[in-house]
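Asker: First the structure, then my questions, so here it is.
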Amino acid sequence: MAPMVKINYRHYARQAHKRAEAELASNDDERLKYAALELRIAMESLAYERVLSYRSELPADKLKLWQPRKIMEVLLELDPTADKTSSLAIARQSSPGVPAEPFRSMGTDRVVSNKEIKKYYDKLGSYLHAPTVMQAEAGSTTHPDRIRERCRQIADIIGDALSSPVFNVNLRSSATMPCGRCGEQIVRRLPPGEVEVDAACPKCDAGYTIVQLEGNLVEWRAKQEELRCGDESCATHLFVWSDEIKPGSNWTCRACGGKNLIVLGLQFTAAEKGEAESEGDEE
């Protein structure tokens, strides 16, 4: 297996932001599209960096997403505060039960929010293409001054995020367990106030419900259904994962040796004789 390549996405974002600033400083209208491109790369890099702090909680297929908006929507499903700017302060507690010393601020983690991504990312992309025939004929192409203004706005937002002394703050209370189907480690954050939380294995997608109990304990409940062997004379039951209950799935009964196959069925109920005659009279 090839070694995992680690990318410093924050460095990527800094370099792209620097190039965008240089393009804007040229005051050349023809260079604005390059500024827009670099700003999009910076926004993507910051989104990818955010993903890394949640990686243990994400299914592998979510790591393929590249649009910042879709990435942030996935993170927000896990953590409603994923796109929120926050401040971090620490204090040392001398002993248990004794109030902590005065807090010392470590700084603010400025995050490019999902609202800002929706407002600017696609708009920047529109500056990278020639106007459509309809736009050209209607005279609705964007003036260079407007493009420069929007690029300037997002450049300032990205600059603020990159200047944060702390970044990717991700505090959580979570539950961890190896998957009962494939053995992969599952990590799921536990939002405060929620008694039950859905979870899925990041490798095989097996589903679970996590129930929070008293004393900081949790119970993992596999999302399975109890099925009976199709042979009416066989009383064998087994538990099947919910996502495996679909046409084509099959198993061999451990008791009778028969093969059970889940199929797509159609049930037909004949119409009453009086109903059929009545419908024929109406025609």
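Asker: Only one residue in K70, K115 is under 30 Å from I210 (Cα atoms), under 16 Å from the mean Cα position of the chain (by Cα), open to solvent by 30 Å² or more (accessible area, probe 1.4 Å) and at pLDDT 90 or above, so which one is that?
Answerer: On inspection, the qualifying residue turns out to be K70.
Asker: Determine, yes or no, whether E21 is open to solvent by less than 40 Å² (accessible area, probe 1.4 Å), modelled with pLDDT of 95 or more, part of a helix (DSSP H, G or I) and out of contact with any Leu (no Cβ under 8 Å at 6 or more places or on another chain).
Answerer: No: the conditions fail for E21.
Asker: Look through region 149-172, keep the residues that are open to solvent by 40 Å² or more (accessible area, probe 1.4 Å) and touching a strand residue (DSSP E or B) at 6+ places or on another chain (Cβ under 7 Å), and return whichever of them is farthest from L58 (Cα to Cα).
Answerer: P165
Asker: Right, R146: open to solvent by 40 Å² or more (accessible area, probe 1.4 Å) and closer than 28 Å to M43 by Cα or not?
Answerer: Details: open to solvent by 40 Å² or more (accessible area, probe 1.4 Å): yes; closer than 28 Å to M43 by Cα: yes.
For R146, the condition - open to solvent by 40 Å² or more (accessible area, probe 1.4 Å) and closer than 28 Å to M43 by Cα - is met.
Asker: For region 213-244, what are the residues that are part of a strand (DSSP E or B) and either touching a Phe, Trp or Tyr at 6+ places or on another chain (Cβ under 9 Å) or aliphatic (A, V, I, L, M) (or both)?
Answerer: V218, W220, R221, A222, Q224, E225, E226, L227, L238, V240
Asker: When residues of region 112-133 are filtered for being touching a Ser or Thr at 6+ places or on another chain (Cβ under 8 Å) and without any contact (Cβ under 8 Å) to a residue 12 or more places away in the chain, how many remain?
Answerer: Here the count works out to 1.
Asker: Quick check on region 76-95: of everything there that is within 20 Å of I158 (Cβ to Cβ) and in a strand (DSSP E or B), which residue is most open to solvent (accessible area, probe 1.4 Å)?
Answerer: S87
Asker: Still on this structure, please answer the following. Quickly run through region 212-229 and pick out the residues that are surrounded by 14 or more Cβ atoms within 10 Å (Cβ to Cβ) and out of contact with any helix residue (DSSP H, G or I) (no Cβ under 7 Å at 6 or more places or on another chain).
Answerer: Residues satisfying the conditions are Q212, V218, W220, A222, L227, C229.
Asker: Select from region 191-212 the residues that are in a loop (DSSP other than H, G, I, E, B) and in contact with a strand residue (DSSP E or B) (Cβ under 6 Å, 6 or more places away or on another chain) and write down the one among them that is nearest to P59 (Cα to Cα). Steps first, please.
Answerer: In the first step, residues of region 191-212 are kept if they are in a loop (DSSP other than H, G, I, E, B); the result is 191-195, 201-206.
Add one more test, that the residue is in contact with a strand residue (DSSP E or B) (Cβ under 6 Å, 6 or more places away or on another chain), and what stays is 195, 201, 206.
Details: V195: 23, C201: 7, A206: 11 Å.
Residue satisfying both the conditions and the ranking: C201.
The values are calculated or read from the model by the stated rules, or taken from the named source; none is laboratory data. Not measured: the values here are computed from a predicted model. Methodologically, a virtual Cβ is constructed for each residue, glycine included, from the backbone with ideal geometry; neighbour enumeration extends over all protein chains shown. Side chains included, ligands, DNA and RNA excluded: accessible areas come from the protein's heavy atoms. Shrake-Rupley method; radii C 1.70, N 1.55, O 1.52, S 1.80 Å.
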